[in-house]
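These notes concern the structure reproduced below.
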Amino acid sequence: MIRLGTRRRVDKPRCRRHACRMCNLYRMSSSYTELARLFAVPAPETSNAGKLIYPGLPGIVLANGALRSMTWGFPLSRRGKSGQALKPKPVNNTRTDKLDSRFWNANFRDRRALIPVTAFAEAEGPRGTMTRTWFADPTDEMLTCAGIWRDSAEWGPVYSMLMTDANSQVKPVHDRMPVIIAAADRATYVNGAEDDAHKLCEPYATELAIDRTNDPWVRRS
């Protein structure tokens, strides 16, 4: 049996200001067979990816024409006050206005990926009592979010989700949202010219279903 990815325990998303720093939680509840049918590729034999995906945990992405398990977040090296090496921090979001930077550009140019998403969450409400608000396709169709990926020495293959300005539905909750790629544009985003892929990184123009829950954003054990 092939084992894809390594699962690391992450207990809660990281929150700042009135909401979380971009998208730090999404749900992917489709089976691998359903994903394989959607993208017309073979299904992975197994994966450690769960239904709720947090930074630093494995998720399924479509990269190089195959469904692969990767860790969500590029590892960012850190040092302590005494210069000692600390555990890397997963950088799981990439702003589209930063794609020209040296940290991201080669990955966007050469290693674009699609991230299947059932729904993505944002934190809503006053600090300390934030709850989870979910955004999804109103017909329960799978969303495909824009991503980039690379191989890392720390965690193996890793991916990051592209973020753009929020549309009118998401903006009351957060000022940014994932780049959602329409079905007709998936091939262009993954395999097209860099400029053509960049043009697709716009706020989502199609209606989303909104589910405002009472679930705490930070679930304390």
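The values are calculated or read from the model by the stated rules, or taken from the named source; none is laboratory data. Computed from a predicted model, the values in this text were never measured in an experiment. Reconstructed Cβ throughout: ideal geometry from the backbone, glycine too, with neighbour counts over all protein chains shown.
Go through (1) farther than 21 Å from residue 200 by Cβ; (2) exposed (fewer than 12 other Cβ atoms within 10 Å of the Cβ); (3) among the acidic types (Asp, Glu); (4) modelled with pLDDT of 95 or more for residue 122 and report which single condition fails.
Among (1) farther than 21 Å from residue 200 by Cβ; (2) exposed (fewer than 12 other Cβ atoms within 10 Å of the Cβ); (3) among the acidic types (Asp, Glu); (4) modelled with pLDDT of 95 or more, residue 122 violates only (2).
Please count how many residues of the range 58-79 are of a type in the set (Gly, Ala, Ser), in a strand (DSSP E or B) and touching a Ser or Thr at 6+ places or on another chain (Cβ under 9 Å).
Residues that pass the stated criteria total 2.
Can you pull out every residue in the range 148-183 that is closer than 18 Å to residue 54 by Cα and in contact with a Ser or Thr (Cβ under 6 Å, 6 or more places away or on another chain)?
148, 155, 158, 160, 162, 179
Can you tell me which residue is surrounded by the most Cβ atoms within 10 Å (Cβ to Cβ) among those in the range 80-108 that are of a type outside the set (S, T, N, Q) and in a strand (DSSP E or B)?
Restricting to residues being of a type outside the set (S, T, N, Q) and in a strand (DSSP E or B), the top hit is 90.
Looking at residue 202, is it touching a residue at least 40 places away in the same chain (Cβ under 8 Å), of a type outside the set (Lys, Arg) and surrounded by fewer than 16 Cβ atoms within 10 Å (Cβ to Cβ)?
No; evaluated as a whole, the condition is false for this residue.
Might you check whether a residue that is charged (D, E, K, R), in contact with a strand residue (DSSP E or B) (Cβ under 9 Å, 6 or more places away or on another chain) and surrounded by 18 or more Cβ atoms within 10 Å (Cβ to Cβ) occurs anywhere in the range 164-180?
yes
Residue by residue through the range 44-57, note down the ones that are crowded, with 17+ Cβ neighbours inside 10 Å and either part of a loop (DSSP other than H, G, I, E, B) or among the polar types (S, T, N, Q) (or both).
Of everything in the range 44-57, those that are crowded, with 17+ Cβ neighbours inside 10 Å and either part of a loop (DSSP other than H, G, I, E, B) or among the polar types (S, T, N, Q) (or both) turn out to be 44, 47, 49, 54, 55, 56, 57.
Among the residues of the range 194-215, write down those that are touching a helix residue (DSSP H, G or I) at 6+ places or on another chain (Cβ under 8 Å) and either farther than 16 Å from residue 162 by Cβ or of a type in the set (A, V, I, L, M) (or both).
Passing the criteria: 197, 200.
So which of 67, 62, 25 ends up being within 22 Å of residue 204 (Cα to Cα), at pLDDT 90 or above, aliphatic (A, V, I, L, M) and touching a helix residue (DSSP H, G or I) at 6+ places or on another chain (Cβ under 9 Å)?
Answer to the selection: 62.
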